[in-house]
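Just so it is clear, none of the values below were taken in a lab; they were calculated from the coordinates. As the structure is a computational prediction, the values presented were derived from the model and not from experiment. No Cβ is skipped: glycine too gets one built from the backbone with ideal geometry, and neighbour counts run over all protein chains shown.
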C-alpha cells in the first residue's frame with residue numbers, strides 16, 4: 001500500500017463508493033427514466049436524490065458503497081408497497097473495509113410506508129425497506145433487517 005496506508009485505504013473506499021452507483025445506473029436504467037410506470041406509484045429515492053421505479057440495483061450504503069442490492073426482480077410495485085427478489089452484496093470489512101471481501105446473499109426486498117417526498121410534494125416515496133435473507137446472511141445480521149429510507 002505504500003507509505004500512506006490510511007490515505008490509500010480511504011481513497012480505495014471513496015473510489016468504490018463512486019464506482020458502484022455509476023456502474024449500476026448505466027447498467028440498469030430505472031423505469032422512472034424510461035417512463036414505464038404509473039404516475040401515482042411511489043418512488044424509491046437513490047443516493048443522488050433521483051426518483052426510481054423498479055430499479056435493477058440500489059445502493060444501500062451511500063457513504064462507503066459497502067452494501068448494495070443487485071439483480072432486483074420486482075414482482076409488485078403498488079401504491080402502498082413493492083416487493084422484489086434480488087441479491088444483497090455486502091463487504092465483510094475483514095480485516096478492514098478497504099481489503100474486505102464482498103459477499104452475496106439472496107434477499108426478498110419489501111418497500112412500504114409511502115409518504116410525500118419533500119423534494120417533490122406531488123410525489124410519494126417509499127420510506128422503509130425491509131430485507132429478508134434466505135440462505136445465509138452477513139455476520140451479525142438478523143434474518144430480517146428494516147431500514148428507514150432518506151427523504
Inset, instruction - Grab the beta carbon distance between residue 103 and residue 128, set R0 = 25 Å, and tell me the FRET efficiency rounded to 0.05. - result: 0.55
Inset, instruction - Would you mind classifying segment 90-140 by shape? Square roots of the alpha carbon gyration tensor eigenvalues, ordered a ≥ b ≥ c; an a/c under 1.5 is rounded, otherwise it is prolate if a/b is larger than b/c and oblate if not. - result: oblate
Legend entry - Convex hull (Cα only) mean projected area of segment 55-151, reported in nm² to one decimal: 6.6
